[in-house]
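Have a look at the structure below before the remarks.
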Amino acid sequence: MTKEEVQGGAAEEEEEQAQSKKGLKKQQKEAEKAAKKAEKQAKLTSEQQTTEEDDFAKDRYAVSPLNQSQQKLERVLVRVQELTPEKADQLMWIRARIHTSRAKGKQCFLVLRQQQFFVQALVAVGDRASKQMVKFAANITKESIVDVEAFVRKVDQKIESCTQQDVELHIERIFVVSQAEPRLPLQLDDAVRPEGEGDEDGRATVNQDTRLDNRVIDLRTTTSQAVFRLQSGVCQLFRDTLYKKGFVEIQTPKIISAASEGGANVFTVSYFKTSAYLAQSPQLYKQMCICGDFDKVFCVGPVFRAEDSNTHRHLTEFVGLDIELAFNYHYHEVIDSITDTMVQIFKGLRDNFQTEIQTVNKQFPSEPFKFLEPTLRLEYMEGVAMLRKAGVDMGDEEDLSTPNEKLLGRLVKEKYDTDFYVLDKYPLAVRPFYTMPDPHNAKYSNSYDMFMRGEEILSGAQRVHDAQMLTERAMHHQIDLEKIKAYIDSFRYGAPPHGGGGIGLERVCMLYLGLHNVRQTSMFPRDPKRLTP
């Protein structure tokens, strides 16, 4: 055997010994680990048994079984917003979400949230709460829904972080009604942080796509709650004002046989053995109702536009607030009726929704919305003249571009101190076929747009109510007469002069609140890139 072979054999033996030592050590470590784990488990089990034996409050807290309507309770639940100093020292039940929790020694502070209202609550070790109960409360996940029985107590110092600043709850019992998963897709505090503030101190803010992808959570924020409560107010004020003016609410079909506005921006749907379209507006049906002697009608419903526009103000489906009415002598009667309706909405929001306006303002600051009574009405050529004076080069019959609309809005605000105005007498060439031409100047029309903060919220006009003239206008626009035959026929049997307009609900809310994207005021927005949730 050579010297090298002897040395090699010795090295192998040493390696085997080292490996077996390593293996022994590994086994020892694993055995120790298992023993420790078993000891820990035994200790936990022992503690748990002791805990269960010692826990005098064990019936005062729990995760409730899933509510399958097993029983009817006579228990009255009090709303968080009703918790005021007048209810001090009363024992009551409240259902709310866990907004935040903070354990501190033998007590746990919770902030309970119900919609946009917050109240501080306290669980503290004492006669009614055990250490285990405090620990249980501290471990309830954020956004879980709980029922608490608690005494309302006055506080010496205002609780600035809550809406109910003069009281707090001293919890006697706490039961989890629905448990949230520990990991939330977004944090509510991040979602209400003003833009820019997070960047300054390194705290997070939430981008729009994350919000919309997790809309259910985002809708819980105070800002979203305020936006959509105000939006509900716009619909109610719209309806109430028009009912008082003698209008009738109508419902119109959304699946139609011909594109209501003409043009290509229409969704085609399969309809049995043929094709149909989603309504771009209730235009045809509003007018048919006027011809059917309803005199003044309105409707609130979805409107569909197949425009591939990825802008801050375009949606492929939005809520239309539509008005149509017969007038006596002049289409300005229609303008006056619509502008008065808008003014009543603005007044109602100003007088009844200050809390919501202020809440949105905290996150998205803006100037208060200004309007005049009566509403400012400018002719199109006056608007063009103002723009030219400001250095804009545009033709007499050219439509307003978005930048020019915004610039004109700023110029009007500077000159007349109003965020809401009407631009009347648009060039006929830029309006739909059913628009009545101006009797004094064939280049213009009896049509108008209404603007809020320099952006269009309504487009309207006196409609052509004569079948022969309507046929000629449709042919001029190269529209297939066969497809609009039912519409044209509506005017063959006597039709009153009439006009109206369509308002975009989401735009009105966005611009009234001074927000920068219509998706903020659409609960579940639809645009070319978003079809869910």
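With the highest mean first, a sort of the peptides 476-482, 362-368 on other beta-carbon atoms found within 10 angstrom per residue produces 362-368, 476-482. Within a straight-line Cα-Cα reach of under 16 Å, K87 can be paired with the following lysines, leaving aside sequence neighbours fewer than 8 residues apart in one chain: K154. Remark: the stretch 467-476, residue by residue, has Karplus-estimated 3J(HN,Hα) of 4, 5, 5, 5, 4, 4, 5, 5, 5, 4 Hz, where x stands for each Gly or Pro and the curve is 6.51 cos²θ - 1.76 cosθ + 1.60 at θ = phi - 60°.
Mean separation of Cα pairs under 8 Å and 6 or more residues apart, divided by the residue count, gives the stretch 89-210 a relative contact order of 24 percent.
Across the options G126, Q344, P427, the greatest Cα extent toward the positive end of the charge dipole of the chain (unit charges at beta carbon of Lys, Arg, Asp, Glu) belongs to G126. Any lysines with Cα under 26 Å of the K244 Cα? List them, leaving off those in the same chain fewer than 8 positions away. The qualifying lysines are K286, K296, K347, K370.
With contacts taken as Cα pairs under 8 Å and at least 6 residues apart, the chain reaches a relative contact order of 11 percent.
Per residue, the chain exposes an accessible area of 54 Å² to a 1.4 Å probe, with every protein chain left in place.
Here each label is just a point 7 Å from Cα along the line to Cβ, and for A385 and L531 those points are 5.1 nm apart.
Here the gap between N517 and K131, fully extended at 0.36 nm per residue and compared with their Cα-Cα distance, gives a gain of 134.1 nm. Holding the Cα-Cα limit at 26 Å, pick out from K413/K529; K29/K131; K37/K135 the pairs that are longer than that. Long pairs (Cα-Cα over 26 Å): K413/K529; K29/K131. Net charge dipole, the stretch 153-301: roughly 860 debye, given to the nearest 20, about the Cα centre with Cβ charges of +1 for Lys and Arg and -1 for Asp and Glu. Our summary gives the stretch 223-364 a relative contact order of 28 percent, counting only alpha carbon pairs under 8 angstrom and 6 or more residues apart.
Computed about its Cα centre, the charge dipole of the chain is approximately 1300 debye, with only Lys, Arg, Asp and Glu carrying charge at their Cβ. Once a ≥ b ≥ c are taken as the square roots of the eigenvalues of the Cα gyration tensor of the stretch 50-198, is the result rounded (a/c under 1.5), prolate (a/b larger than b/c) or oblate (a/b not larger than b/c)? Rounded, because the longest to shortest axis ratio a/c is under 1.5. Rounded to the nearest 500, the helix-only mean residue ellipticity at 222 nm of the chain stands at -11000 deg cm²/dmol, with each DSSP H run of n ≥ 4 adding -39,500 (n - 2.57).
Assign one of three labels to the stretch 172-294, namely rounded, prolate or oblate, based on the Cα gyration tensor with a ≥ b ≥ c the square roots of its eigenvalues; rounded applies when a/c is under 1.5, prolate when it is not and a/b is larger than b/c, and oblate otherwise. Could the numbers behind the result be given before it?
Values: a/c = 2.44, a/b = 1.91, b/c = 1.28.
It comes out prolate by the Cα gyration axes.
Once the Cβ-Cβ distance of R350 and F56 is raised to the sixth power relative to R0 = 41 Å, the FRET efficiency obtained is 0.15. Taking amide H positions as modeled 1.01 Å from N, with prolines and chain starts lacking one, the residues under 5 Å from V464 and 5 or more places away or on another chain are T435, M436. The label point for K72 and the one for K485, both projected 7 Å from the Cα toward the Cβ, are 5.9 nm apart. Between T141 and D393, the modelled labels are 6.3 nm apart [label points 7 Å from Cα along Cα→Cβ]. For V155, put the label point 7 Å out on the Cα→Cβ axis and report which residues of the stretch 216-235 keep their amide N under 19 Å from it. Inside the label zone: 222. Rounded to the nearest Hz, the phi-derived 3J(HN,Hα) couplings of the stretch 485-491 under the Karplus curve 6.51 cos²θ - 1.76 cosθ + 1.60 (θ = phi - 60°) are 4, 4, 5, 4, 4, 4, 9, where x marks glycine and proline.
Once you have a ≥ b ≥ c as the square roots of the Cα gyration tensor eigenvalues for the stretch 115-154, tell me rounded if a/c is under 1.5, and otherwise prolate or oblate according to whether a/b is larger than b/c. Taking the square roots of the gyration eigenvalues as a ≥ b ≥ c, the stretch 115-154 is oblate. Placing +1 on the Cβ of every Lys and Arg and -1 on the Cβ of every Asp and Glu, with nothing else charged, gives the stretch 373-532 a dipole about its Cα centre of roughly 460 debye.
The values are calculated or read from the model by the stated rules, or taken from the named source; none is laboratory data. This one's a predicted model, so the numbers in the text were calculated from it and none came from an experiment. Quick reminder, even Gly has a Cβ in these numbers, built from the backbone with ideal geometry, and neighbours come from all protein chains shown. All accessible areas refer to the heavy atoms of the entire protein, side chains included, with ligands and DNA or RNA removed. Shrake-Rupley method; radii C 1.70, N 1.55, O 1.52, S 1.80 Å.
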